[in-house]
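Let me begin by presenting the structure, written as structure tokens, before commenting on it.
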Amino acid sequence: MIWQLIGITAASLTTFAFVPQVIKIYKTKSAKDISIITLIQLSIGTSLWIVYGLYRKDAILIMANIITFTILLIALFLSRRYSKLYK
């Protein structure tokens, strides 16, 4: 029981860690301080965690990383949308 609580707490903290960045990008309409490489690396890593969670049949791993991956995709989309490179 304690290990599930630790897993849920860890998953919650890491899952929503990037939300403030997404909000900042959206509010400022700027992604100049965001590293696209970091977003891509995290997205790849998160997708691998999903695969690993499926292998282990671990619902906490799967759900946390699906949510994280979605947040990262939003960050990538907004970064591209507001990047000066694409204007």
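The values are calculated or read from the model by the stated rules, or taken from the named source; none is laboratory data. It should be emphasised that the depicted structure is a prediction, and the values quoted were computed from it without experimental measurement. Every residue, glycine among them, receives a Cβ derived from its backbone with ideal geometry; neighbour counts consider all protein chains shown. When the accessible area is computed, the model is the full protein with side chains, heavy atoms only, and any ligands, DNA or RNA have been set aside. Shrake-Rupley method; radii C 1.70, N 1.55, O 1.52, S 1.80 Å.
With respect to being surrounded by fewer than 18 Cβ atoms within 10 Å (Cβ to Cβ) and more than 24 Å from Gln4 (Cα to Cα), Ile37 fits the description. Residues that are within 11 Å of the chain's Cα centre (by Cα), assigned to a helix (DSSP H, G or I) and either surrounded by 15 or more Cβ atoms within 10 Å (Cβ to Cβ) or modelled with pLDDT under 90 (or both) within region 16-34 comprise Gln21, Val22, listed in sequence order. The residue that is modelled with the highest pLDDT, among those in region 50-87 that are open to solvent by less than 80 Å² (accessible area, probe 1.4 Å) and not in a helix (DSSP H, G or I), is Asp58.
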